[in-house]
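Please read the structure below before turning to the comments.
The values are calculated or read from the model by the stated rules, or taken from the named source; none is laboratory data. This one's a predicted model, so the numbers in the text were calculated from it and none came from an experiment. Here Cβ is always computed from backbone atoms with ideal geometry, including for glycine, and neighbour counts include all displayed protein chains.
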């Protein structure tokens, strides 16, 4: 996924058709702490049930509560959800807390 490409969550209906689409172009600053913490706690190679709940909660928050955990449980695609959380974590890990100031 390109660095600044919007993150997308599709919710699917019973007929496997997209019912709703949500996009987010950035990760709000307040989510940095949560995303960094999550990236250190979760082993994405060996996910546990608690990890999935934490991931889903972070995604809901990043997308400003436009959907619920239940919406994700019932209508989100596993591959798409993993792509979104990996994008969030990558953006959080890429933040430089000591950036070089712009030249005057």
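Of all the listed residues (26, 67, 44), the sole one being in contact with a helix residue (DSSP H, G or I) (Cβ under 9 Å, 6 or more places away or on another chain) and either buried (at least 16 other Cβ atoms within 10 Å of the Cβ) or at positive phi (or both) is 67. Restricting attention to the range 70-79, the residues being surrounded by 17 or more Cβ atoms within 10 Å (Cβ to Cβ) and part of a helix (DSSP H, G or I) number 3. Reported count of residues in the range 12-34, each being within 18 Å of residue 90 (Cα to Cα) and not in a loop (DSSP other than H, G, I, E, B), is 8.
Residues that are closer than 17 Å to residue 20 by Cα and in contact with a helix residue (DSSP H, G or I) (Cβ under 8 Å, 6 or more places away or on another chain) within the range 77-87 comprise 81, 84, listed in sequence order.
Reported count of residues in the range 35-69, each being assigned to a helix (DSSP H, G or I) and either in contact (Cβ under 8 Å) with a residue 40 or more places away in the chain or within 11 Å of the chain's Cα centre (by Cα) (or both), is 13. For the residues 38, 58, the requirement of being modelled with pLDDT under 90 and within 13 Å of residue 88 (Cβ to Cβ) singles out 38.
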